[in-house]
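One structure is given here, and the rest of the page talks about it.
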Amino acid sequence: MGTGAIDAVVNIWTEEALAGRPDRNDFYTGKVKVDRGTFEGVSLENMIRRMDEAGIERSMLIAAKVGPADHRACYHVPYKLVVDAVQKYPDRFLGLAGVDPTEGMRGVRELEMLVREYGFIGAHTYPHWFELAPDHARYYPFYAKCVELDVPIQLQVGQSLVYDKSFPRRSTGRPITLDAVACDFPELKLIGIHIGIPWTEEMIAMAWKHENVFIGSDAHAPRYWPQSFIHYINTYGQDKVIFGTDFPVLDFGETMRQIDELNLRPGPKQKFLRDNVIRIYGLDAK
């Protein structure tokens, strides 16, 4: 492996991945200010070019399950798109399997297949899209399978936005709901992504309390990070936070520039951008 950053939270954004999705124009180009060209699609090759320009060695691509598949405001990214991307560019992309907690054992078996047969390195879920908090029983079969497979799971924590005005979702992913999960599954690597804003202190408390709880820095521009979070990365939490963008929500290059402006100490910065995610996901072993 090289020496560049590893982005742990990236959406595959090719034309194929965008086909058939609900209209999200107002959200992406309005609410979160994604530029029009990016919003309309980014090829894998263009994504790699942008990663290179930003100094990002690898990205974890999410085969996201965005709510129940049969609802018109929701969608599931076909696993095959991420499988194909990882197989085409194995030195640049890694796969994360989306989890829909309402799918039960069918979803658990799909997760196992993706890890065992296709080399996916972890799971990912959006609690707010299902309005089921992370400590809900419907996730527990997936958590047990992640422990068995020895792979981490990412969960969006903090406030959810209104992505579709016809289908507003409650902010069910408060960081404190990871507490029971971490107690029940002490071997499970839990990553609360999106920082936990506006409950950042709560997310930091969970990561400080539990050896198996970590924080993902994605979706919120570094220039707006709470000072307590920057301090955590730079000091006593330097082994507990991993870098992410949630591309295209955040641009690779601009995010890296803003991180440079934080003036993190070299050691903690190296851990944050690269070393922690290698350790947590076991990338050296894989």
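The values are calculated or read from the model by the stated rules, or taken from the named source; none is laboratory data. The structure presented is a predicted model; accordingly, all values stated were derived computationally and were not measured. In this analysis, Cβ positions are derived from the backbone assuming ideal geometry, glycine residues included, and neighbour counts consider all displayed protein chains. These accessible areas exclude ligands, DNA and RNA; they are computed on the full protein's heavy atoms, side chains included. Shrake-Rupley method; radii C 1.70, N 1.55, O 1.52, S 1.80 Å.
For this structure, a couple of remarks:
- Those residues of the stretch 63-93 which are touching a Phe, Trp or Tyr at 6+ places or on another chain (Cβ under 6 Å), more than 26 Å from R138 (Cα to Cα) and either open to solvent by less than 10 Å² (accessible area, probe 1.4 Å) or modelled with pLDDT under 95 (or both), in sequence order: A85
- Close pairs from the stretch 132-151: first within 15 Å of E112 (Cβ to Cβ), partner basic (K, R) and surrounded by fewer than 19 Cβ atoms within 10 Å (Cβ to Cβ), Cβ under 8 Å, at least 6 apart: L149/R116
- Output for the stretch 31-57, where each listed residue is open to solvent by less than 30 Å² (accessible area, probe 1.4 Å), assigned to a helix (DSSP H, G or I) and either farther than 16 Å from I12 by Cα or without any contact (Cβ under 8 Å) to a residue 60 or more places away in the chain (or both): L44, I48, A54
- Checking M60, M113 one by one, the residue that is assigned to a helix (DSSP H, G or I) and either surrounded by fewer than 18 Cβ atoms within 10 Å (Cβ to Cβ) or touching a Phe, Trp or Tyr at 6+ places or on another chain (Cβ under 8 Å) (or both) is M113 and no other.
- Pick from the stretch 157-210, criterion within 21 Å of P101 (Cα to Cα) and among the basic types (K, R), ranking: surrounded by the fewest Cβ atoms within 10 Å (Cβ to Cβ): R170
- Unmet criterion (only one of (1) of a type outside the set (D, E); (2) outside any helix (DSSP H, G or I); (3) open to solvent by 10 Å² or more (accessible area, probe 1.4 Å)) for K271: (2)
- Test for L81: is it touching a helix residue (DSSP H, G or I) at 6+ places or on another chain (Cβ under 7 Å), closer than 22 Å to D284 by Cα and hydrophobic (A, V, I, L, M, F, W, C): no
- Scope the stretch 220-249; condition open to solvent by 20 Å² or more (accessible area, probe 1.4 Å) and in contact (Cβ under 8 Å) with a residue 60 or more places away in the chain; matching residues: V249
- Condition met for L96 (outside any helix (DSSP H, G or I) and at pLDDT 95 or above): yes
- Conditions (1) buried (at least 16 other Cβ atoms within 10 Å of the Cβ); (2) of a type in the set (S, T, N, Q); (3) more than 17 Å from the chain's Cα centre (by Cα); number of the one not met by N11: (3)
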